[in-house]
Each structure stands twice: as structure tokens, then as C-alpha cells.
Amino acid sequence: MSYVIAQNLAKSFGSNQVFSQINFSIEKGEFITLLGPSGCGKSTLLRCIAGLERPDDGDLFVNGANITSKPAQQRGVGMVFQSYALFPNMTVENNIAFGLKMQGMDEKKRKQEVAAVIELVELQGKENQYPQALSGGQRQRVALARALVVRPQILLLDEPLSALDARIRKHLRQQIRQIQRELGVTTLFVTHDQDEAMSMSDRIFLMDKGQIVQSDTAENIYTRPASEFVARFMGHYN
Ligand code: ADP
Ligand code: MG
């Protein structure tokens, strides 16, 4: 049985149907990229998986359990957004430790866990800095550390690199992928950037107008596009 399974997920806002009939399976440890043009429903789908939105229909299973009605805090997901949702009045260390504190972990253990993820995202020496003193790339690494420190079952990344400049973006791509492999954490990464999807993914779910139109390896999506939309989106006619 696959680690994450979506069955017939549907979501509308009023009369705007964002998606319907979304079906997919993700294996444990896979890095999946949800790729598609702006407005096609990527963030809404990710938010349904995180428990921040409730789908109107369908079911979600993680590790065999139906989580469709589970509150977000009980889902074991870590999430990183495009713009850094860090607490401005907390140091890097306290930003990262926040989730563990909420869980009631004692201070000694907390310090150990935080130190381990700080090393993982290469922020040693920044522990006592405040977010405003950090670069965009460093802030996203704090956000990543904060998502990882609770050892999520699923890591959800919503365009975490889109606000960064090109050079840092390329470096962070590799860093995210390396950390993901090291931890073996099942990851769903959202982007509208074909290059990012091509260079990072085990498989790509290509989305258009609320449908997953092809799910396959980067190579197959590029060399065997299932439709003209896929071919165009992957840049065949540019
Ligand atoms: P993407 O992340 O692919 O750019 P979104 O999931 O953000 O797409 O948006 C998909 C559609 O859902 C858009 O038409 C958007 O306007 C609409 N939408 C997203 N969130 C809300 C919301 N909270 N309320 C109403 N409409 C929304
Ligand atoms: Mg989005």
C-alpha cells in the first residue's frame, strides 16, 4: 500500500470549482513535485493535505490511516510557504524550537533536536539572530528547519524558493533535495517552475485547471508528454 493516497478529492470555493477527481499515490520517501501554471489549484491541494482546508469530497490516507477529518496539528505534516512565516520577535533557535515546545518536550532534549536541524540546514552560528537580520535564503532554511524538527511524516513545500534570487534558488534546490534524501522524508513540493521540477523530482504531478494531467518521471514527462498542454508547458514549442 502506498504511503500517501488521495481518492477523488474535490474542492470548490463558492461556485469556483478548484479541482475534482484528484487521485494519486505517493511512496514512502518519494520526492514529488506538483507542477502547474498559476491558479491551477496547487496551493489549495497542498492545504487540503495539510488540513488547512477541508476537501468537499474524497479521502486522504497516510500510512494506512484515513486522515480526511483529522485536524492539521494531528497530521504529522511540516509545511514551508513561499514567504517566510517566521516569528519576528523570536531568535532562529526559538523559531525552530517552537513546535517542540508546543509538544511539551523538555528543554534539554529540545536543544539537542534544534541543534541537529540547525546543522542539517547549515545555520550554525545564527542561533541567536532574529529573522530580520537574515537573508531570504537563510530565512527559508529556518522555515525548513522548523518544519523538519518535529520529524513530519510528510513535508509540504509551497513554492519555497519562488521569492529568492536565481543563484540562491539553485543552491537551495540542491540543499533541500540532499536533506530530503538524508532524512528519507516523503515530500510534496509545489512549483510553477519547470526547471525546478525537472531537476529535483522522483516524479512530477503536472496539474492543469484542477486536474492532474500526467504523473510520471521528469524524463518521461519531457520525452513522452501525454497531451499538447504538457508539451507546451514543458517548453517544447518555445
Ligand atoms: P495555485 O497555487 O496553483 O496558483 P491556488 O490553489 O492558489 O492555485 O488557487 C486555485 C483557485 O482557487 C484560484 O482560482 C483561486 O482564486 C481560488 N482560491 C484559492 N484559495 C481561495 C480562498 N481561500 N477563497 C476563495 N478562492 C480561493
Ligand atoms: Mg500557489
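The values are calculated or read from the model by the stated rules, or taken from the named source; none is laboratory data. As the structure is a computational prediction, the values presented were derived from the model and not from experiment. For neighbour counting, all protein chains shown are included, and Cβ atoms are generated from backbone atoms with ideal geometry for every residue, glycine included.
Assigned to a helix (DSSP H, G or I) and either touching a strand residue (DSSP E or B) at 6+ places or on another chain (Cβ under 9 Å) or at pLDDT 95 or above (or both): which single residue out of ILE212, ILE168, ILE176 fits that description? Working first, answer last.
Numbers: ILE212 fails: assigned to a helix (DSSP H, G or I); ILE168 fails: either touching a strand residue (DSSP E or B) at 6+ places or on another chain (Cβ under 9 Å) or at pLDDT 95 or above (or both).
So the residue among ILE212, ILE168, ILE176 that is assigned to a helix (DSSP H, G or I) and either touching a strand residue (DSSP E or B) at 6+ places or on another chain (Cβ under 9 Å) or at pLDDT 95 or above (or both) is ILE176.
Go through region 169-180 and give me each residue that's closer than 19 Å to ILE26 by Cα and touching a residue at least 40 places away in the same chain (Cβ under 8 Å).
ARG177, ILE179, GLN180
Which condition from (1) away from ligand 2 (no atom under 16 Å from the Cβ); (2) surrounded by fewer than 20 Cβ atoms within 10 Å (Cβ to Cβ); (3) not hydrophobic (A, V, I, L, M, F, W, C) is the one that THR187 breaks?
Tallying (1) away from ligand 2 (no atom under 16 Å from the Cβ); (2) surrounded by fewer than 20 Cβ atoms within 10 Å (Cβ to Cβ); (3) not hydrophobic (A, V, I, L, M, F, W, C), THR187 fails exactly one: (2).
Yes/no per residue for (1) within 16 Å of ligand 1 (Cβ to nearest atom); (2) more than 30 Å from ALA97 (Cα to Cα); (3) buried (at least 16 other Cβ atoms within 10 Å of the Cβ); (4) of a type in the set (Gly, Ala, Ser):
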position	(1), (2), (3), (4)
LEU134	no, no, yes, no
VAL142	no, no, yes, no
LEU148	no, no, yes, no
ARG151	no, no, no, no
GLN194	yes, yes, yes, no
ARG203	no, yes, yes, no
ARG224	no, yes, no, no
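How many residues are of a type in the set (S, T, N, Q) and within 17 Å of GLN82 (Cα to Cα) if we restrict to region 21-57?
Taking region 21-57 and keeping what is of a type in the set (S, T, N, Q), we get 21, 23, 25, 33, 38, 43-44.
Among the residues that remain, those that are also within 17 Å of GLN82 (Cα to Cα) are: 33, 38, 43-44.
Here the count works out to 4.
Give me the pairs: first residue in region 134-160 and farther than 20 Å from GLU27 by Cα and assigned to a helix (DSSP H, G or I), second residue among the basic types (Lys, Arg) and more than 16 Å from ligand 1 (Cβ to nearest atom), beta-carbon distance under 7 Å, and six or more apart or on different chains, which are they?
Going by the 7 Å Cβ cut-off, the qualifying pairs are GLN138/LYS126.
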